[in-house]
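The values are calculated or read from the model by the stated rules, or taken from the named source; none is laboratory data. Please read all numbers here as calculations on a predicted model, not as lab measurements. Please note: Cβ atoms are built from the backbone with ideal geometry, for glycine as well, and neighbour counts cover all protein chains shown.
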Amino acid sequence: MNPFIALAAFAADWNRLSGMLDAEAHRALGRSLAALRETASRETASPEAASREADADRAAAAGRAARSVLDALPAHEAGRLRRDGDGGRFTGAPPDTPYAGFTAADLCMLVLDNNPMVGPVLGAVRERLLGAPASAWVEGTDPRLIALSGEDGRRRVPGFQFEAGGMPWRVVLEVNTLLRADADPWGVADWWLSPTTWWRGTPSSLLGRGRDGELLGAARALTAAGGEE
C-alpha cells in the first residue's frame, strides 16, 4: 500500500470519514500528520540535502499517519482505503500523487489548519488567493485582518489590507467584520480580490480612492442578502 495515496483518498472523503474517528484518533492523526509536514518542510528548506534517507523518513511518517487512520476506521472503510493505496501503478508514487484530485498535503491542511480549501476545485482558488502579495502573520496581528495558510501551514496576511505606511485600512477592518472574515477568511479574501458586478475591477482596487462608502454599502448589501435566505 502506498500510504500517500491512502491519505489522499481519506482527504477526498473527509466529510464522511472524519466523523468516524473519535477524539483520540483525531489527536493521533494530527500528531502523525504534523510529523509528516515536518519532514516535507525539511526537504523544502534544503532541497540539495534531499536523499534516499530523507525520502525514507517522509515515507515512514506517511506510513504512521496512514496506520492511525486505518486503525481507527471501521474494517470495511479501512479496507477500501487500503485498496485505494494498493496496486502496482502506485508503487513508488511520489508524495504529491493525487487521488481524485486530492493529496496527502490536503489532509494535513484539513486536520492541522482546519483549512477547507483543498482538492481540485477549492485548491485552485486557494493558490490563486495565496498568489496575491502578502506578508507573514506575526503575533499581535489585528484579528480583524484576513490571514490565509497554504500547504506549509504558515499564515500569510494579504497585503491589500494595508495602507502605504503599514497601517490597516479602516474600511478593510470594517468590511472584514461585516463579512465575518474571522469565520470565513477565504470567502472574504475572494470577495476583495475578485471582480464583482458592482464595479469594474476588484473591491481591493478601490481602496484609497475615496470610495469607502461604496465598499461598506456593498458589504452591508451582501450581509442583508444572506440574512434573507
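One line per residue, one yes/no per condition, for (1) aliphatic (A, V, I, L, M); (2) surrounded by fewer than 18 Cβ atoms within 10 Å (Cβ to Cβ); (3) in contact with a strand residue (DSSP E or B) (Cβ under 8 Å, 6 or more places away or on another chain); (4) without any contact (Cβ under 8 Å) to a residue 24 or more places away in the chain:
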{"site": "Leu129", "(1), (2), (3), (4)": "yes, no, yes, no"}
{"site": "Met167", "(1), (2), (3), (4)": "yes, yes, no, yes"}
{"site": "Arg170", "(1), (2), (3), (4)": "no, yes, no, no"}
{"site": "Asn176", "(1), (2), (3), (4)": "no, no, no, no"}
{"site": "Ala189", "(1), (2), (3), (4)": "yes, no, yes, no"}
{"site": "Leu193", "(1), (2), (3), (4)": "yes, no, yes, no"}
{"site": "Arg200", "(1), (2), (3), (4)": "no, yes, no, yes"}
{"site": "Gly217", "(1), (2), (3), (4)": "no, yes, no, yes"}
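Applying the condition of being surrounded by fewer than 15 Cβ atoms within 10 Å (Cβ to Cβ) and in a helix (DSSP H, G or I) to the stretch 43-54 and asking which residue is modelled with the highest pLDDT yields Glu53.
Among the residues of the stretch 166-179, at least one is under 26 Å from Leu110 (Cα atoms), outside the structural domain of Thr39 (by TED's automatic domain parsing) and in a loop (DSSP other than H, G, I, E, B). Against the list (1) crowded, with 17+ Cβ neighbours inside 10 Å; (2) not assigned by TED's automatic domain parsing to the domain that holds Gly30, the condition Asp106 fails is (2). If you check Phe90, Phe4, Phe10 for being at pLDDT 85 or above, of a type in the set (Phe, Trp, Tyr) and more than 22 Å from Arg154 (Cα to Cα), only one passes: Phe10. Mind checking which residues of the stretch 60-77 are among the aliphatic types (A, V, I, L, M) and touching a helix residue (DSSP H, G or I) at 6+ places or on another chain (Cβ under 7 Å)? Selection gives Ala61, Ala62, Ala65, Ala66, Val69, Leu70, Ala72, Leu73.
Residues in the stretch 142-153 that are in contact with a strand residue (DSSP E or B) (Cβ under 7 Å, 6 or more places away or on another chain) and closer than 28 Å to Leu107 by Cβ: Leu145, Ile146, Ala147, Leu148, Ser149.
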